[in-house]
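I'd like to ask you about the structure that follows.
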Amino acid sequence: MTAISPRRYVDQFRRIFQDPILAISLIVVTVFLLLAVVLPILAMIGESTSPEGRPLFAHYLGTSTYQTIISNTVVMGLVVATVGTALGFLFAYVQVKVKAPFKRFMHIVALIPIISPPFAVATATIVLFGRNGLISKGIFGVRYNIYGLHGLTLVLALSYFTVVYLNLKGMMQALDPALEEAATNLGASKWRIFRTVTVPMLIPGLLSSFLLLFVESIADLGNPLVMGGNYEVLSTRIYISVIGLYDTTAAAVFSVILLVPSLTVFIVQRYWIGRMSVVSVTGKPTGTPQLITNRWVRWPLFGLTMFITLLIILIYATIFIGAFTRVVGVNNDFTLDHFDFVINGYGSAAMTDTTTLAAVATPLAGLLGMLLAFLVVRKEFLGRSALDFAGMLGIAVPGTILGIGFLLVFNNPIQLTLPFGGAEPLTITLIPKLTGGRAILGGALAIVIVYIVRSVPAALRAGVAALTQIDPAIEEASISLGADNARTFRKITLPLIRPAFLSGLIYAFARSMTSLSAIVFLTTPQTKIMTHQILNEVENGRFGNAFAYCVILILIVLVAISILYLTVGSTTGAERTLEGGA
C-alpha cells in the first residue's frame, strides 16, 4: 500500500480552507462532536477510573449480585435480538415472498411502534396480561406475573422489531428474482431455495439487525424500569445509582461495563458486517417475483403474522381506551379527566417544553447530519473516517451513558476567563450549569444537544446513502461555473438529497419526542419532558394519565411529520412517513 505523504494532507486542508463556509462547517461539526459526544464519553470513563472508581470495578465484577446483573443484561440483549429479528424477518417475508391478504394493513400496523413512547407497550401489556390483567385475570382467571425476562422480551421485541422489518423488507425487494427462477429451473424445491438462496443473501441484513436490536435492548431504560421486576439490568442499576443514591462514580463504573458490549457490537457491525458483500442486484431485475402459494406454508405464516398484528392493535387500543377511562378494567366510565390533567394541568408544561425542544433540535440535527455526510462523502481530508465514526457514536453509545457523561462534564459551568492587565478579568460562561439559571440555558440546552447527538446518526447514514447515488460531476459542473461549495450544497446537493434530509428530520423529531434514557438525568424543575412525566405516572400507578400522555405524544408526532412533508417534501402516504422515521 502506498503511503500518503504529509504534504498531500496539507493540500487537502488548504483546499477546504480556501472556502470560508466549508472551513467553518468543518470546524463547527468537529467541535460539536468533540464537545457533545467525545468529551462526555471520556469524562465518564475518567470518572470510572478515578481513585474512587477503580476499587468499584473489582467489587462489582467480583460480587455475585452484580455478576448476575451483568449476565441478565447480556441474556436479555441476546434473547430480545433473536426474537425481534425473527419477528422482523417474518413480517418482511410475508410482505415480499408470500401471497397473502391484508398486506398493506399489516404493514401500517407494524410501523406504529416507531412513533410511540418507549414504554407505552410495557404499560399496556401490564394492564392486559399482569396480575390483574384484563385478559390474564379477567378472561382466564390467572394472576400471571408478567414481570421479568419474558415480559421484557415481549415488550422490547414488539417495540424494536419494526426497524428489522423495514431493513429486511428493502433487502428482499432488491433481490433479483432471476436467482430463484434459476434455482427452480434446476429442480430445487421452495424450501431448498429458501435455505440456499434467500437466507444467504440476507445474512448481512440479519446480522446487522440482530446486533442493532442487541444494542437497543441493553441500552433501554424505560421498559426495564416498568417491566423488569426482580430482573435487574445495567441500565436500571445506572438509573438507581444516580437518582436514588446520587452516586455518579458508581453510575460511571456501570456505564463503562455497559459501554464495552455496546461499542464492541457497534465496531463489529461497522467494520466486519459492513464489509460483507452479497451482490444480488446487477442492473434491472430480469425475473418475475415468485410468491409462495402453497396453503400449508402460506396460511400458517399469514396466521402468525396476523396474530402479531392483532396483538399490536390490542396493545395500542388499550392505550387509547385507557386514556378515556377512569380506571381501565376497574371503572370503565368515560372520562376526560386524564386529558384535562395533561392539557390544562401539570402536563401542559411538559407538552410545551418537549415539543419546543424537539422542534429546535430537529432542523439542527438534520442539517448537521447532511453537512457531516457531505464532508465524509465529497471531501478528502485527514480524520474523515474518525469524524464519521464520532458522528455514529450517538446511536452506538447507550443513552444512559451520554446522560451520565453530560452530568459529569456540564454540571458545573464551563467558563472562559480573559485577563486584561490590571483590570478585572472578564469571565464568559460558555456552557451554563445544567441545574441552575433559566431553563433554556440550563437543562433545556443540554437536552437539545442530546437530542441532536442521538438523531445525527440517522441523518448521517441517510445522507451518505443519498450522496453515493449522485454523480459528483453534477456538483463539479456547478463549481466550474463559478459557484462556491456553500452555494453548490444549498442549490444543487441539498435539493437532490431532499428525501434523505426529510427522513433525517422525521427521525430526529420522532426520536426526540420519545427519548427517555438519554435525558432522564438532565431534566430540571424548569424543564419538563413528556416521557419523564409518563414514567412518573406509571411508577405511581396512574395509568390513565400515562395513556393520555401517550395519545397526545403520538398525535403531536403525527402532526409534526405531516407538517414536515408539506414543507420539505410531498407526502406519498402515511406509511412512507413512518418509514422515513425508521
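Only the coordinates and a few stated rules stand behind these numbers; no lab work does. Since the structure is predicted, the reported quantities are computational estimates derived from the model, not experimental observations. A quick note on method: Cβ atoms are made from the backbone with ideal geometry, for glycine too, and the neighbour counts reach across all protein chains shown.
Using the Kyte-Doolittle scale, find the helices of the chain whose mean hydropathy is at least -1.0 and whose Cα atoms extend 27 Å or more along the helix's long axis, counting only whole DSSP H runs. Don't jump to the answer; show the numbers that get you there.
Details: long enough: 64-97 (48 Å, 1.16); 149-174 (36 Å, 1.14); 199-219 (29 Å, 1.90); 248-271 (32 Å, 1.57); 295-323 (41 Å, 1.64); 347-378 (45 Å, 1.35); 443-467 (35 Å, 1.80); 543-568 (37 Å, 2.45).
Helices meeting the criterion: 64-97, 149-174, 199-219, 248-271, 295-323, 347-378, 443-467, 543-568.
Now for a different question. If you project the alpha carbons of the stretch 101-208 onto the principal axes, what extent comes out on each, in Å, largest first?
Result for the stretch 101-208: principal-axis Cα extents of 57, 28, 28 Å.
Tell me what the chain gives for mean residue ellipticity at 222 nm when only DSSP H runs of n ≥ 4 count, each as -39,500 (n - 2.57), the sum divided by the residue total, rounded to 500 deg cm²/dmol. Kindly include the intermediate steps, with their values, before the conclusion.
Details: 26 runs with 386 residues, N = 582.
Mean residue ellipticity at 222 nm (helix-derived): -21500 deg cm²/dmol.
Can you list the residues, at least 5 places off or on another chain, whose amide H is less than 5 Å from the amide H of ILE292, using H built in the peptide plane?
So ILE292 has HN proximity to VAL98, LYS99.
Could you work out the longest stretch of the chain that avoids the GluC sites (Glu not before Pro) located in DSSP loops with at most 16 other Cβ atoms within 10 Å? Each step should come with its number before you reach the end.
Values: sites that count: GLU52, GLU380.
Longest run free of exposed loop sites: 53-379.
Hey, another quick one. Given contacts defined as C-alpha pairs under 8 Å and at least six residues apart, what's the relative contact order of the chain, whole-number percent? Numbers along the way, then the final one.
Numbers: 836 pairs, mean separation 122.1, N = 582.
Taking the mean separation of contacting Cα pairs over the length of the chain, I get 21 percent.
Most exposed first by the Cβ proxy, i.e. fewest other Cβ within 10 Å, how do ILE563, ILE218 rank? Spell out each step's value before the answer.
Numbers: ILE563 12, ILE218 26.
Listing ILE563, ILE218 from fewest to most nearby Cβ atoms yields ILE563, ILE218.
Considering the Cα positions of the stretch 531-572, please state its Rg to one decimal place and its Dmax as a whole number of Å.
Cα-based Rg and Dmax for the stretch 531-572 come out at 14.3, 43 Å.
Report the one residue of ALA317, GLY130, TYR346 whose Cα lies farthest in the direction of the positive end of the charge dipole of the chain (charges on C-beta: Lys and Arg +1, Asp and Glu -1; origin at the Cα centre).
Sorting the options by dipole projection puts first ALA317.
Given +1 on the Cβ of Lys and Arg, -1 on the Cβ of Asp and Glu, and no further charges, what dipole in debye does the stretch 36-194 carry about its Cα centre, rounded to the nearest 20?
Dipole size: approximately 660 debye.
Looking at the stretch 438-492, which trypsin sites (Lys or Arg not before Pro) are DSSP coil and have at most 16 other C-beta atoms within 10 Å of their C-beta?
Values: sites: ARG438, ARG454, ARG461, ARG487, ARG490, LYS491; in loops: ARG438.
Loop-located and lightly packed - ARG438.
What per residue convex hull volume, in Å³, comes out for the stretch 92-148 when only alpha-carbon positions are used? Provide the component values of the computation, followed by the final result.
Numbers: hull volume 7.3 nm³, N = 57.
Convex hull of Cα atoms, per residue: 128 Å³.
Could you check how many percent of all C-alpha pairs in the stretch 453-516 are farther apart than 18 Å? Write out the running numbers ahead of the final one.
Values: 874 of 2016 pairs.
When all Cα pairs of the stretch 453-516 are counted, 43 percent exceed 18 Å.
Give me the Kirkwood hydrodynamic radius of the chain, using the inverse of the mean 1/r over all pairs of distinct Cα atoms, in Å to one decimal.
Working: mean 1/r = 0.0390 Å⁻¹.
Hydrodynamic radius (Kirkwood, Cα pairs) of the chain is 25.7 Å.
Long-range amide H contacts for ARG326: which residues qualify at under 5 Å (H placed 1.01 Å from N, peptide plane, sequence gap of 5 or more or a different chain)?
ASP333, THR335
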